[in-house]
Amino acid sequence: STLAVGAGYLGLAAAPTLAVACMASVLGGAGNGVQWVATISAVQELTAESMQARVMSVLESIGAAMPGIGFAVGGVIAALVSPRMTFLVAGCGVIGIVAVMAPLLGGNWLQKGEVPGEVPQQASLDGLDDVVVELIPGNRPGNPEEGR
């Protein structure tokens, strides 16, 4: 999904017509939607329940701050060079981040109770078959740690 975001930016940089730019935007937007839900789910599954509110607060804060930084940097690039160059830099940046981070984050992480070198019986982040997507955290009865 992150590659789709990068491809969308590159498509906007190269688009010869408005129709092509719209198709690139649809690709990038779809990638962005999938990317954010996947990120939220992965972070929540990898975070201890007692730390959920704290970790999600940091993630949401970063997610809110980065567009502002991107608009400022993009505005400088557009003013100095061109709007197309802004999209080219953004697309190359996103794809570059994937190229660097995918090998680092895609490794086999040890699960709770696993011993290095042993073959795990089941490859699951939490050992359950639950689907975890919590976009609006809230208090659950009996858990005083949440919501602080």
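Some values worked out for this structure:
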item	result
Amide H partners (placed H, <5 Å) of T47, local residues excluded	none
Cα gyration tensor category, rounded, prolate or oblate, for segment 20-73 with a/c compared to 1.5	oblate
Percent carbon-and-sulfur accessible area, segment 57-102, ignoring ligands, DNA and RNA, probe 1.4 Å	84
Prolate/oblate/rounded call for segment 27-109, Cα gyration tensor, a/c under 1.5 rounded	prolate
Accessible area of S57 in the full protein assembly, 1.4 Å probe (Å², nearest 10)	70
Using a Förster distance of 35 Å, the FRET efficiency for A65-A30 (Cβ separation, nearest 0.05)	0.90
Sequence of F87, F71 from largest to smallest accessible area, 1.4 Å probe	F71, F87
Whole-Hz ³J(HN,Hα) from phi, Karplus 6.51 cos²θ - 1.76 cosθ + 1.60, for segment 73-80, glycine and proline x	5, x, x, 5, 5, 4, 6, 7
In Å², nearest 10: area of M51 left accessible to a 1.4 Å probe	70
In order through segment 83-98: 3J(HN,Hα) via Karplus (6.51 cos²θ - 1.76 cosθ + 1.60), integer Hz, x for Gly, Pro	x, 4, 5, 4, 5, 5, 5, 4, x, 5, x, 5, 5, x, 5, 4
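The values are calculated or read from the model by the stated rules, or taken from the named source; none is laboratory data. For clarity, every value in this text was computed on a predicted model and none was experimentally measured. No Cβ is skipped: glycine too gets one built from the backbone with ideal geometry, and neighbour counts run over all protein chains shown. These accessible areas exclude ligands, DNA and RNA; they are computed on the full protein's heavy atoms, side chains included. Shrake-Rupley method; radii C 1.70, N 1.55, O 1.52, S 1.80 Å.
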